[in-house]
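Asks: Here it is: the structure, laid out below.
Each reported figure results from applying straightforward, stated rules to the coordinates on display, with no laboratory input. Please read these numbers as outputs of a predicted model, since none were measured by experiment. Cβ coordinates were reconstructed from backbone atoms using ideal geometry, including for glycine residues, and neighbour counts include every protein chain displayed.
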Amino acid sequence: MQKERAEGQRLQLLMTNRLSTLDSTQAHDLYSFMILGQTFEGLTRIDKQGNVVPGSARAWSIDSGRMTYTFHLRENARWSDGSPVRADDYYFAWRRTVELSNGAAYARLLELIEGVSSYYLGEADLEQMAVEAVDSLTLRVKLVRPSVHFLEMLAMPTFYPQQRAFVQQAGSNYGTTAGHTVFNGPFRLVKWDAEGLELERNDHYWNQASIQLETVHYRILFDSEEAQRLYETGGLDRIPLVRSQIPKYERHPDFRSRFEVSTGLVLFNTDIPLLSHKEVRRAMTLAIDGHEFAHLIYQNGSKGATGFIPPGIQYDQNLSFREHFGNLIVRHLDEEATAFRELVRSLGFDSMPKLTLLFEDGYLGKELGPILIEQWKRRLGLDVALETVPYLEKNERMADRRYELTLSVWGADYNDPLNFLDICQQDHPFNMTGYANPEYDALLRQARQEAELAKYMDYCFRAERLLMEDMPIGPLFFRAGCYLIHDYVSGWHQRSYGVSHDLSYTSIDMEAKKAMFMPAN
């Protein structure tokens with residue numbers, strides 16, 4: 001029997017940066033994926049155990065060659081305006097993503113579909129993309145090779161549908177406000193401003209009877225102390241913890257920790273003369289004590305990186321990719337300033353150049369940047385200045401390569417090493433370093449064409465090994481996370497890949513919350 005939903009369940013969460021878009025063809029950051037994941041639904045979903053389950057598609061079939069997928073949509077799948085979700089909504093959205101004029105950051109994920117790579121190479125037009133709305137409830141997709149990850153990928157925001165008529169009417173405003181977006185997921189966005197976001201349960205969602213929460217409020221705050229105060233007074237029901245808060249709460253019953261499938265990286269702009277040399281990039285990466293760095297900044301179980309691919313990306317059911325292939329980074333932590341100066345001189349520089357490290361403003365910029373700068377100065381004798389800018393400006397400057405050094409964290413969208421390695425391919429939209437190595441790109445192409453899992457993984461490792469020799473990105477740490485969540489919140493589902501959490505399982509005992517924060521006189 002369906003559990004009766006309590007009226008008025010309202011969850012209050014924290015966002016530490018502003019939302020940039022709700023257009024799934026343009027989304028590429030943590031916060032856009034996070035909100036899209038609550039308000040949209042793909043053909044598939046990922047359940048609490050990490051398994052692929054039906055989403056807007058009630059069922060699917062796969063041909064014997066495992067390259068043609070036929071999806072059967074639910075007859076009761078609806079948009080938040082009450083209109084039916086149709087196969088054409090998927091075809092339309094995926095075509096928008098692939099179309100070059102749209103500039104979609106995650107478009108390369110669709111290269112698994114037949115015809116997409118040929119379109120990008122100029123060998124075919126977009127009509128050759130092998131996605132077909134057979135009828136209103138049937139979508140057929142043909143791949144260029146078998147993939148063990150395709151059904152999992154379909155749960156990502158990049159593969160969400162868009163209602164053709166609505167998008168065409170909204171034009172350039174689509175996805176920029178709550179009123180210029182229509183939703184097919186468990187919740188719909190009703191408010192979006194500089195202070196936060198307000199979600200309401202989508203009563204047109206096909207499985208709305210299972211959704212316990214009535215409303216969700218994401219409050220945008222940049223002050224960790226204010227977030228802590230709100231948590232302790234009932235204004236927030238869950239908060240992430242920063243380093244200074246962990247000693248206070250690590251024995252608290254609300255304390256939780258988890259290891260993320262993500263890698264913290266120094267990005268080197270290879271257009272900068274000094275940073276165009278791999279010897280310099282390697283020296284700067286290996287001079288940072290990743291374990292010390294992770295502990296000083298996070299104190300939450302984060303560890304020094306021993307490669308680009310983090311633990312959590314699996315080689316097979318028994319071993320992680322990292323466990324199977326071993327480590328690729330061994331740090332040189334002796335002070336080597338004299339050797340570094342000689343290296344710089346041998347490369348043709350008369351004096352030691354000065355560099356600038358770009359960071360987003362806020363806690364991490366103030367804490368993390370100076371530690372990097374101090375270690376480079378102490379171990380290499382290298383002077384690096386710190387420049388902090390707002391989060392969105394930092395992202396724009398990274399994309400335009402208007403920086404010298406910066407730090408980024410890359411997290412997994414799905415369980416595949418190529419999900420990491422792709423971003424260093426020469427023409428990839430997330431290649432923000434300018435790195436170009438034809439041998440590296442060839443290894444990735446060979447991996448994509450390989451159907452046998454062991455050979456596929458071997459190509460990926462060979463590519464990672466070459467990348468760690470060239471070091472356009474300098475892996476520093478494998479990140480963990482700590483947070484507080486009140487015990488009156490049930491069913492909080494944190495994900496390791498893609499969308500950070502899924503509120504379709506979550507409920508809140510409002511009476512218990514009231515008893516905690518509004519005790520009887």
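Asks: How high is the relative contact order of region 260-480, in percent, with contacts defined as C-alpha pairs under 8 Å that are six or more residues apart?
Replies: Numbers: 398 pairs, mean separation 82.2, N = 221.
Normalised by residue count, the contact order of region 260-480 is 37 percent.
Asks: Computed over the Cα atoms of region 279-357, what is the ratio Rg over Rh, Rh following Kirkwood?
Replies: Working: Rg = 16.5 Å, Rh = 15.0 Å.
My calculation puts Rg/Rh at 1.10.
Asks: For the chain, what's the relative contact order in percent, using C-alpha pairs closer than 8 Å and at least 6 residues apart? All intermediate terms of the calculation are to be shown ahead of the outcome.
Replies: Details: 1042 pairs, mean separation 99.8, N = 521.
Relative contact order of the chain: 19 percent.
Asks: For the pairs K248/K377; K303/K514; K142/K455; K303/K366; K142/K303, flag any whose C-alpha to C-alpha distance is greater than 29 Å. Don't skip to the answer; put the middle values down first.
Replies: Working: K248/K377 33 Å; K303/K514 39 Å; K142/K455 23 Å; K303/K366 20 Å; K142/K303 41 Å.
With Cα atoms farther than 29 Å apart: K248/K377; K303/K514; K142/K303.
Asks: Follow-up question, since we're still on this one. At q = 0.06 Å⁻¹, what is the base-10 log of I(q)/I(0) for the chain according to the Debye formula with one equal point scatterer per Cα and no solvent? Please give it to two decimals.
Replies: Calculated log10 I(q)/I(0) at the listed q: -0.30.
Asks: While we're on this one: Give the order of H204, H501 when sorted by the count of other beta carbons within 10 angstrom, beginning with the fewest. Working shown, then result.
Replies: Numbers: H204 20, H501 16.
Fewest to most other Cβ atoms nearby, the residues stand as H501, H204.
Asks: Regarding region 302-408, what is the average projected area of its C-alpha convex hull, in nm²? Each step should come with its number before you reach the end.
Replies: Details: hull surface 36.7 nm².
Approximately 9.2 nm², given one-decimal rounding.
Asks: Could you let me know the centre-to-centre spacing of region 367-394 and region 31-62, using Cα atoms, in angstrom?
Replies: 39 Å
Asks: Counting only helical runs of four or more DSSP H residues, what would the 222 nm mean residue ellipticity of the chain come to if each run contributes -39,500 (n - 2.57) and the total is spread over all its residues?
Replies: Numbers: 17 runs with 151 residues, N = 521.
The helix-only estimate for the chain comes to -8000 deg cm²/dmol at 222 nm.
Asks: Using only Cα atoms, locate the centre of region 447-478 and the centre of region 114-163, then give the distance between them in Å, rounded to an integer.
Replies: Spelled out, the Cα-based centre of one part sits 25 Å from the other.
Asks: Just the Cα atoms of region 260-480, one point each, no solvent: what log10 I(q)/I(0) does Debye give at q = 0.09, 0.16 Å⁻¹?
Replies: Computed log10 I(q)/I(0) values: -0.35, -1.13.
Asks: Counting DSSP beta bridges in the chain, what percent are antiparallel, to the nearest 5? Please list the in-between numbers first.
Replies: Values: 57 of 71 bridges.
Percent antiparallel among DSSP bridges in the chain is about 80.
Asks: Oh, and also: For the chain, which span is the longest to avoid every loop-located (per DSSP) member of trypsin sites (Lys or Arg not before Pro) having at most 14 other Cβ atoms inside 10 Å?
Replies: Values: sites that count: K3, K48, R66, R251, K354, R402.
It runs 67-250.
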